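The values are calculated or read from the model by the stated rules, or taken from the named source; none is laboratory data. Since we're looking at a predicted model, the values are computed, not measured. Positions of Cβ are backbone-derived with ideal geometry, glycine not excepted, and every protein chain shown enters the neighbour counts.
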Amino acid sequence: MGGELVVVSVTALVVSLVVVFHFEVIQLLNRFCPERQPQSRGEFRNRPIILANMFALLIAHVVEIWLFGVAFWYLLDQDGLGAINGYAHLSLLDSVYFSAATYTTVGWGDLAATGHVRFLAGTEALVGFMMITWSASFSYLIMGRTWGKNGR
């Protein structure tokens, strides 16, 4: 029961960090995204806003993947909490790779969590899907706000 409690506690901590971090990133982006600006000579003056939004969200997702990756690396260093089948030795970057495949729900198939850390993996897939769709929805709203009805 002790190992399960450790995995559930670490999972709750990393999920909380990821959701709060993502919320704060979106709040910051929303604050700096002005309403639609007038176009001059057909130029897209709002292009930098859209690009900055996309890059900021991409960076946020990378940070979130790393947070989960560090959690996997920590938990898998503890005895009896599980393993990632497919690795003889698990480095930090291996944990981040597994985290990226899980977060994006791609699940390449070359790796699989076993033991108690499966709880973290399953939870990460759900959270990753939610964060990605949250980012997509927010980006859609920002594009609508900056481009307006005509898409310019």
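Structure above, values below:
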{"quantity": "Segment 109-143, subset under 15 Å from residue 69 (Cβ atoms) and hydrophobic (A, V, I, L, M, F, W, C), residue nearest to the chain's Cα centre (by Cα)", "calculated": "131"}
{"quantity": "Check on residue 70, touching a Leu at 6+ places or on another chain (Cβ under 9 Å), closer than 20 Å to residue 16 by Cβ and in contact (Cβ under 8 Å) with a residue 60 or more places away in the chain", "calculated": "no"}
{"quantity": "Residue check for residue 122: surrounded by fewer than 19 Cβ atoms within 10 Å (Cβ to Cβ) and outside any loop (DSSP other than H, G, I, E, B)", "calculated": "yes"}
{"quantity": "Close pairs (7 angstrom Cβ cut-off, 6 or more residues apart or separate chains): over 14 Å from residue 60 (Cβ atoms) and of a type in the set (Gly, Ala, Ser) in segment 136-152, modelled with pLDDT under 85 and outside any helix (DSSP H, G or I) anywhere", "calculated": "148/36"}
{"quantity": "Segment 1-34: number of residues that are outside any helix (DSSP H, G or I) and aliphatic (A, V, I, L, M)", "calculated": "1"}
{"quantity": "Residue list for segment 97-117, restricted to those being more than 24 Å from residue 4 (Cβ to Cβ), β-branched (Val, Ile, Thr) and in a helix (DSSP H, G or I)", "calculated": "none"}
{"quantity": "Matching entry among 97, 103 (being surrounded by 13 or more Cβ atoms within 10 Å (Cβ to Cβ), hydroxyl-bearing (Ser, Thr, Tyr) and farther than 23 Å from residue 12 by Cβ)", "calculated": "97"}
{"quantity": "Residue, surrounded by the most Cβ atoms within 10 Å (Cβ to Cβ), within segment 2-34, restricted to residues that are among the aromatic types (Phe, Trp, Tyr) and within 29 Å of residue 118 (Cβ to Cβ)", "calculated": "21"}
